[in-house]
Amino acid sequence: MEYNKQIISDLLRELESRRNQREQMLAERRKQVYARLPRIRQIDDALRGTAARILRAALDAGDDPSQAIEQLRHENLALQRERTRLLLDNGMSADFLDDKPDCPKCNDLGYIGSTPCQCLKAMYAKRLTQQLSSILPIDDQNFDTFRLDYYSDKADARIGLSPRENMVYNLGICKDYAHSFHKHSPNLLLFGSSGLGKTFLSTCIARTVSEKGFSVVYDTAIHVLSCYETVHFNSPGFLEARQAVRRFEGADLFILDDLGTELSSALAPSVFYSLVNTRLMSHKPMIVNTNLHPVHFETRYSAALSSRLQGDFSHLRFFGDDIRLLKKARM
């Protein structure tokens, strides 16, 4: 999994801010307790000097410092017991003056050595999901809220399946894809008429994959084409568009929605071919949603793009009645 450096940097600054706030609160707490109970300050000073005392004892004892070290250990234990008793007798918990990081494994540093701690990974996944929720209704659209009852159980004479049977299959594939997602998952092509659940299931996948800590970028073909055109012609907004293009090409999962709804342009075939081919070459998974039937890809775009969308993507067909209209009618 490739981490977004900017997000990691932001999270590490957040952890540093938490540590600073905690240290300030602990320092103030110690100041108040020391003023009230000076003996605790004396004990803390003595305990902090233990390492130096052990080293001095070892040097003074020559070859066998064990007796001196054992004596120091007993003294420290006695001081710790006295400290605990003073705190408890004065209505405080035994760990009232102890530093309590949110993550004791890394002490809120985010890393254990050079390895990201689980707490940092969890924060990263949460941040990715937050970013995704700003553009997708992931709170309302998830696998648990997907409604199969909107799909007819009457078999389609041409296909031999009912829309509901077909959606049971599609739903299962999408669930498995989301829950078992990894960096080299296959590509999916969801095709069919509008209002049949392609975007809904893509959103469900995006949410689940994002919650696992993978970076997910979700955008429409119209906006993707606009960003590439801005970069190509060096138009106003070039820097923002270039950053967007890097996200399209570099995210762990990129979901391209509504392919075929963009206005036809001379640049469109090369833009979408470049995007798809770049991700295929770097083995980065992609999901494409389109109202077009795959047989029309070559006519609208190019033989090269059609070949990749048909040969390198697993196809899920959607058919039936427009769910949006059905929902409106029921309401």
Exercise for the section: Mind running the shape call on segment 124-273? Use the C-alpha gyration tensor, a ≥ b ≥ c as the square roots of the eigenvalues: rounded below 1.5 for a/c, prolate if a/b tops b/c, oblate otherwise. Expected result: oblate
Problem - Whether segment 209-308 is rounded, prolate or oblate, judged on the alpha carbon gyration tensor where a/c under 1.5 counts as rounded - result: oblate
Handout entry: Cα point-scatterer Debye curve for the chain, base-10 log of I(q)/I(0) at q = 0.14, 0.15 Å⁻¹
Key = -1.13, -1.26
Completion exercise
If unit charges are put on Cβ atoms (+1 for Lys and Arg, -1 for Asp and Glu) and the dipole of the chain is taken about its Cα centre, the option from Asn289, Ser93, Leu309 lying farthest towards the positive end turns out to be Ser93
Problem - Length-normalised contact order of segment 135-236 in % [C-alpha pairs under 8 Å, at least 6 apart] - result: 27
Exercise for the section: Under 4.7 Å Cβ to Cβ, no partner at all: give me those cysteines from the chain, in residue order. Expected result: Cys174, Cys204, Cys227
Practice task
Specify the inter-centroid distance of segment 252-331 and segment 173-229, based on alpha-carbon positions, in whole Å.
Solution key: 11
Completion exercise
Longest principal axis of the chain (C-alpha) makes with the long axis of helix 238-250 (C-alpha) an angle, in degrees to the nearest 10, of 90
Problem - Cut-off 15 Å between beta-carbons: net charge of the residues surrounding Tyr228, Lys and Arg +1, Asp and Glu -1 - result: -1
Exercise for the section: Work out which trypsin sites (Lys or Arg not before Pro) in the chain are exposed loop sites (DSSP not H, G, I, E or B, at most 10 other Cβ within 10 Å) and give the longest gap free of them. Expected result: 159-331
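Which whole-number percentage describes the relative contact order of segment 219-272, with Cα contacts under 8 Å and a sequence gap of 6 or more?
Worked out over segment 219-272, it gives 53 percent.
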Handout entry: Loop-resident sites, segment 178-244, for chymotrypsin sites (Phe, Trp or Tyr not before Pro), counting at most 12 other Cβ within 10 Å (DSSP)
Key = Phe233
Problem - Portion, in percent, of the accessible area of segment 189-331 that falls on carbon or sulfur, probe 1.4 Å - result: 54
Completion exercise
Diffing segment 171-178: the Karplus 3J(HN,Hα) column from phi (6.51, -1.76, 1.60, θ = phi - 60°), in whole Hz with x for Gly and Pro, holds 4, x, 4, 5, 4, 4, 4, 5
Problem - Per residue, in Å², the accessible surface of segment 209-305 once ligands and nucleic acids are set aside, probe 1.4 Å - result: 44
Fill in the blank from the handout: Between the Cα axis of helix 66-89 and the main Cα principal axis of the chain, the angle (0 to 90°, nearest 10) is 70
Practice task
Note down the relative contact order for the chain as a percent, whole number, built from C-alpha pairs under 8 angstrom at least six residues apart.
Solution key: 18
Fill in the blank from the handout: Within the set Leu275, Leu292, Leu161, GNM on the chain using Cα springs under 10 Å gives the largest fluctuation to Leu161
Fill in the blank from the handout: Honestly segment 147-230 on the Cα gyration tensor test (a ≥ b ≥ c root eigenvalues; a/c under 1.5 rounded, otherwise a/b vs b/c for prolate or oblate) is just oblate
Problem - Nearest 10 degrees, 0 to 90: helix 268-281 Cα axis against the chain principal axis - result: 50
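The values are calculated or read from the model by the stated rules, or taken from the named source; none is laboratory data. Predicted, not measured: the structure shown is a model, and the values here were computed from it. When we count neighbours, we look across all protein chains shown, and the Cβ atoms used for this are built from the backbone with ideal geometry, even at glycine. When the accessible area is computed, the model is the full protein with side chains, heavy atoms only, and any ligands, DNA or RNA have been set aside. Shrake-Rupley method; radii C 1.70, N 1.55, O 1.52, S 1.80 Å.
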